[in-house]
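The values are calculated or read from the model by the stated rules, or taken from the named source; none is laboratory data. Note that this is a predicted model, so its numbers are computed, not measured. Cβ placement follows ideal geometry from the backbone for every residue including glycine, while neighbour counts extend to all protein chains displayed.
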Amino acid sequence: MGFRTQRIDIFIIVLGVITLIFEPIGAFVDPDLAFELLEEIEDIWKKLTDIEQRRLIEAAKCYAVEAYTACESMCYDALVSVLRRIYGGQKELGYYVSLMEKDPDLKNVKGAIAYLASKRNEVDHPERISNRLEATNALNMTKQLIREILTKKAGTQ
């Protein structure tokens, strides 16, 4: 599928110059739809930083417009942000997986986060395009993991 645009047949005359306006299809997402995809974490929403909230909203919007690779990428970025806040530093996902090995509170989610770390490496390479199932899994796993992390580590950030 190529780049699609919807031509809007509006001509604006400004100082005698005619301008044609183009609007990309799907450029605007109903905010209610995006928040519907995130409603299961509504109870922990206030525990997220502004950046984490924005990454998850972007992930939901990308999912809604079938930009599945971008959805996955935003999910992983939100998760990394939470882990950086909990453990400190500016490291990548794999680093935090190794820290979880010694963390009795989060040892049970280490495997899931290690899996997402391997998926993030795939997604960040231009040879791979995600599909709906992969984006659905990334979004759902990210929400569940963030809930688990913030519930168990609430007093540490």
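Key figures
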item	result
Within the range 7-61, considering residues that are small (Gly, Ala, Ser) and modelled with pLDDT of 90 or more, the one nearest to Met74 (Cα to Cα)	Ala59
Meets criteria (surrounded by fewer than 18 Cβ atoms within 10 Å (Cβ to Cβ) and within 24 Å of Lys47 (Cα to Cα)) for Ala114	yes
Among residues of the range 123-143, those that are touching a residue at least 24 places away in the same chain (Cβ under 8 Å) and either among the hydroxyl-bearing types (Ser, Thr, Tyr) or surrounded by 14 or more Cβ atoms within 10 Å (Cβ to Cβ) (or both), counted	10
Matching option when the condition is within 15 Å of the chain's Cα centre (by Cα), more than 20 Å from Leu38 (Cα to Cα), touching a residue at least 12 places away in the same chain (Cβ under 8 Å) and part of a helix (DSSP H, G or I), among Arg55, Arg147, Arg120, Arg85	Arg120
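A quick yes/no check of all residues on (1) loosely packed, with under 13 Cβ neighbours inside 10 Å; (2) more than 21 Å from Pro126 (Cβ to Cβ); (3) within 11 Å of the chain's Cα centre (by Cα):
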| position | (1), (2), (3) |
| --- | --- |
| Leu37 | no, yes, no |
| Asp50 | yes, yes, no |
| Val65 | no, no, no |
| Met74 | no, no, yes |
| Gly89 | yes, yes, no |
| Ser98 | yes, yes, no |
| Pro104 | yes, yes, no |
